[in-house]
Every structure is written in C-alpha cells, then in structure tokens.
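Working notes for the structure below.
What follows is calculated from the coordinates using simple rules that are stated; it is not laboratory data. All values derive from a computational prediction rather than experimental measurement. So basically every Cβ, Gly included, is an ideal-geometry build from the backbone, and we count neighbours across all protein chains shown.
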Amino acid sequence: MERLADDEALHRCLLAYVSDFHLLDTALKPHGISMISPKLVIASVDHAMWFHRSVRVDDWLLYAMDSPSASGARGLTRGSRLCTRRPIGGKRRAGRVDTGYFVAARGPNVVA
C-alpha cells in the first residue's frame, strides 16, 4: 500500500469511515446472528468518535471492539481502543461508541 498524504483531516475522515465497519456486528455475535443475515434489518441510531492524538490510517492499528449491552433489539458497541504500534508509542489515538436497532425482517423478499 502506498503512503497517504500527510493530511491530518484526511486520516481522521478515513479512520471514522473504516472504524464503522462491523462495529454493530459486535453486539450480534453473542446471539449467534450475523450482520449480513437477510433476516435482519439494522439501523445505526447514534454514534460518536473522539480523536485523542494524531493518527495515520496507512499504518498498523489495533482496533478493540466490544458490546457491553445487547438486548431488546438494541445494542451498544464500543471501539474503545484505536491504537498504533511502536515506535509511534502504542498510545490510544481514537475511540468511538455506536448504538443500533436490530429487527427481524419480514415480507415476501426475505429468505427463510
């Protein structure tokens, strides 16, 4: 992969974009349901992201995700650690929280 430009805004925008993939899926895993299930409709309700330090998305990043609560068709997920490796310092660069609704799909086009 080629190195991206040294533009902090670009790296923050890209990190916000890529860190959203599979975050809500974390709330479904304990229930044995996949986010790509044709029987499921998912809606992201609220999310927030915090940037603590500068970040480069073209470098290695650790992304630790968990779901402290998932019940009643609603899930809370956290991307609590977006950290870089050393020699940059291995320090937290950003964090995010997302909530979503999960509903069983109905209708003639739903695969049983």
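Give me the distance in nm between label points sitting 7 Å out from Cα along the Cα-to-Cβ direction at ARG3 and MET49, one decimal.
2.3
If one takes the longest principal axis of the Cα atoms in the chain, at what angle in degrees, from 0 to 90 and to the nearest 10, does the Cα axis of helix 8-18 lie?
The angle comes out near 30 degrees.
Considering amide H positions built from the backbone, and no H for Pro or chain starts, which residues 5 or more places from ARG93, or on another chain, come under 5 Å of its amide H?
Residues meeting the amide H criterion: LEU82, CYS83, THR84.
Subtract the Cα-Cα distance of SER34 and ARG78 from 0.36 nm times their separation in residues, and report this length gain in nm to one decimal.
Extra length from SER34 to ARG78 when fully extended: 14.1 nm.
For the chain, state the semi-axes of the equivalent ellipsoid (square roots of 5 times the eigenvalues of the alpha-carbon gyration tensor), sorted largest first and rounded to whole angstrom.
Taking √(5λ) for each eigenvalue gives 31, 15, 12 Å, largest first.
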